[in-house]
Amino acid sequence: MSKRPSHDDIREKTLCAARAVVDESGHPALNARRLAAAAGCSVGTLYNVFGDLDGVVYALNLQTAKDLRAALQVALDGAGKGPYARLAALADAYFDFAQAAPRRWEALFRFRAKGPVDGSVGQEGNALFALLRESVGGAVPDDALLALWAAVHGVVELATQQHLIFYASGSERRYLRLILDAAMKGFAADNPSP
C-alpha cells in the first residue's frame, strides 16, 4: 500500500511544477489538472491545499518575493558604505533578478487574486522597502525613496518587456544610474549641509 502524499509534499511538488510552467510560459498557462498530476494528487486535493489556482499563483509569488528579497540582501551585504553605492547595488540586483526570471517577475507584479489573500506577499514588499530604507540609513524620507524606487522599477519593467524607447540591450544600467544620480542630487538639495 503506497503512502498518500502529505499536504507539505503536495505543496512543494505543486510549487516546483508551477515555477517550471511560469518560467516557460507565464502564469496564465497554469492548469490545475497538470499541477495535480505533477504533485501526485487529485485536483480536489490540490484545491484543499491551495484553495484554488489563484492560491497556487499567490504561493509562487510569495516564494518569488522571498527570493527577490534574498537577492537584494546579498547585494546590500556586498555593497560599499555610501548610500549611492548601496542604492546602485540594490538597483542592479533588482534588474538582474527580473532578467533572470522575467515571467515570475511578471506574475509577481501583474497577478491579481480574485478573492481575499493573507497579505504575505505585501509583508515581503514591506521587508523589501526596509532594505531600501536601510541602504540610505534612514536619511531620506519614505515618500522620496518610494518615488525613486518607482522610477527604478519602471526601467526594470520596461527593459524586461523590451519596451524602452530607443531600447538597446545594455542601456538599462545607464538609465538606472541616471535615475540614481538625479535622486541623489535631489536628496542633497532637500537636505543641504550646515
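The values are calculated or read from the model by the stated rules, or taken from the named source; none is laboratory data. Treat the numbers as computed from the prediction; the structure is a model and nothing was measured. Neighbour counts run over all protein chains shown; Cβ positions are idealised from the backbone, glycine included.
A few points about this structure:
- Among the residues of segment 127-147, the ones that are touching a residue at least 40 places away in the same chain (Cβ under 8 Å) and in contact with a helix residue (DSSP H, G or I) (Cβ under 6 Å, 6 or more places away or on another chain) come to 7 in all.
- Lys66 free of Cβ contacts under 8 Å to residues at least 12 places away in the same chain, surrounded by fewer than 16 Cβ atoms within 10 Å (Cβ to Cβ) and not aliphatic (A, V, I, L, M): no
- Verdict on Ala130 being at negative phi, surrounded by fewer than 16 Cβ atoms within 10 Å (Cβ to Cβ) and part of a helix (DSSP H, G or I): yes
- Residue match in segment 151-165 (condition: among the polar types (S, T, N, Q), at pLDDT below 90, assigned to a helix (DSSP H, G or I) and crowded, with 18+ Cβ neighbours inside 10 Å): yes
- Only one of the numbered conditions (1) at pLDDT 95 or above; (2) under 15 Å from Arg112 (Cβ atoms) is violated by Arg19, and that is (2).
- Of Ala144, Ala93, Ala188, all but one fail to be over 23 Å from Val74 (Cβ atoms), assigned to a helix (DSSP H, G or I), small (Gly, Ala, Ser) and at pLDDT 90 or above; the exception is Ala144.
Conditions tested, residue by residue: (1) assigned by TED's automatic domain parsing to the domain that holds Glu157; (2) within 30 Å of Leu146 (Cβ to Cβ).
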{"position": "Asp9", "(1), (2)": "no, no"}
{"position": "Ala32", "(1), (2)": "no, no"}
{"position": "Asn61", "(1), (2)": "no, yes"}
{"position": "Ala91", "(1), (2)": "yes, yes"}
{"position": "Ala113", "(1), (2)": "yes, yes"}
